[in-house]
Amino acid sequence: MTAVTEQYPFVVRDPSLGVASLAPFLPITLFGAKSISVSGLLDTGAMVSVLPYGVGEQLGAVWEQQT
């Protein structure tokens, strides 16, 4: 069985920090009340995922109803 590998670009998040702010982002499409395309931070060691408030609103999330 051959492993499939993908590479994602490291993007400068804060130009004033230069290479210290490099982080890998991948394009994703999220689906909710509608679909939106965004870039997600690729963190292979993360225990949780975080959805920005504004992105949740665009997807139709009602934050007051979330647990």
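Read-outs: derived from the displayed coordinates by stated rules, not from any lab. Remember, it's a predicted structure, so these values are computed and weren't measured experimentally. We place every Cβ from the backbone using ideal geometry, glycine too, and count neighbours over all the protein chains shown.
Okay, here's what the table says:
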item: Residue within region 21-42 that is aliphatic (A, V, I, L, M), part of a loop (DSSP other than H, G, I, E, B), surrounded by 12 or more Cβ atoms within 10 Å (Cβ to Cβ) and free of Cβ contacts under 8 Å to residues at least 40 places away in the same chain present; result: yes
item: Candidate set: region 45-65, residues that are hydrophobic (A, V, I, L, M, F, W, C) and assigned to a helix (DSSP H, G or I); chosen: the one surrounded by the fewest Cβ atoms within 10 Å (Cβ to Cβ); result: Trp63
item: Subset of region 1-20 that is part of a loop (DSSP other than H, G, I, E, B) and not hydroxyl-bearing (Ser, Thr, Tyr) - its residue that is surrounded by the most Cβ atoms within 10 Å (Cβ to Cβ); result: Arg13
